[in-house]
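One structure below.
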Amino acid sequence: MEDAAPYPRARQVVILALVVLPLMQLVLLPLLEMLPAHLSLSIAELFLLGIAVFVIRRRRWAMEDLFLLNATHGRGLLIVIPTAIAAGLLAGEADLHVARIWEWAGWASPLMLRRSMLEIQLITDMAHIVPTIVAVGLLPAICEETFFRGFVYTGLRFHHGPRVALIGSSMLFAVAHLNPWQMPAFFLLGLFLGWLVHRTHSIYPAILAHALNNLLSVLAVNLRAHLGIDPLGALEPVASPVRMACLVVLVLGILLLRRWPPLMPALSPFAFSGWTSRLGETQEA
């Protein structure tokens, strides 16, 4: 009966995440340290997606269902752009305040960790523009969203409902980065990305929002490094008017996104009906 389930169960999701994510961070990336940083990061992200694809194909699940490759409103995607930028700035603001709390408590993040996070986003010449955009902005958005807001979210939603799916996928997303100092910010960002998937029943708004958040961080780091200005909160909090504007844009964006019903169901009715039919046959036998 368990093998007939068309979506992964919570136990399968958690075990896979707790095995693959440390393996990627603690084994694969160190093995690739001789390669350029952008290349090693790209390989690690593709490894995460590749494992999910392998498991889905092995279990004969429907990839388009688990990854939520559903159509969504074009106007909704346009609204996601300013909403995601606002959410990203607010998440970054929260991260700065949490970092100050850790410093006050005597538990600041290691300097080496902060340096590596900044260096991989720093564009030192024209040749670094495309690799940085792809490795830092696009690939993590595609691979991490299909894993966390696709594979993890749909499995939890099918078996435990949307609330558990939203919170559980956000928690795993935060833990996956193996960075306890930024875990609150990752969790908040995960909730926003999960809400986009919950509202639209599609992975594409979350991928777009995640990519924008990453590229916003890259822009903030390079503005600070090359021009000496920090309007996007790379190291200092944003100005109060910017913060208030972000709150307004975020609220308006959420309200507007709620106006359009999803084009597709979050869970495949064919998978569900097929599973319940097999379940009934098993019980009758």
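Throughout, read-outs are computed from the coordinates displayed, never taken from laboratory work. Since this is a predicted model, take the numbers as computed values, not measurements. Because the Cβ atoms are built from the backbone with ideal geometry, glycine has one as well, and the counts that use them run over all protein chains shown.
Descriptive notes on the structure:
- Against the main long axis of the alpha-carbon atoms of the chain, helix 37-59 sits at an angle near 10°.
- Both the radius of gyration and Dmax for the chain are 19.8, 72 Å, in that order, over alpha-carbon atoms.
- Length-normalised contact order of the range 2-271 in % [C-alpha pairs under 8 Å, at least 6 apart]: 31 percent
- Neighbour-count ranking [beta-carbon atoms within 10 angstrom, fewest first] of ASP95, ASP65, ASP125: ASP125, ASP95, ASP65
- Given +1 at the Cβ of Lys and Arg, -1 at the Cβ of Asp and Glu and no other charges, the dipole of the range 101-217 around its Cα centre is 380 debye to the nearest 20.
- Charge sum, other residues only, whose C-beta stays under 14 Å from VAL136's C-beta, Lys/Arg counted +1 and Asp/Glu -1: -3
- Sorting ARG243, ARG11 by the number of Cβ atoms found within 10 Å of their own Cβ, with the fewest placed first, yields ARG11, ARG243.
- Loop-located trypsin sites (Lys or Arg not before Pro) in the range 34-138 whose Cβ has at most 11 other Cβ within 10 Å (DSSP): ARG60
- Computed from Cα atoms, the angle from the helix 204-222 axis to the main principal axis of the chain rounds to 20 degrees.
- Point-charge dipole on Cβ atoms (K/R +1, D/E -1) for the chain, about Cα centre, debye to 20: 580 debye
- Degrees, to the nearest 10: 183-200 long Cα axis against longest axis of the chain: 50 degrees
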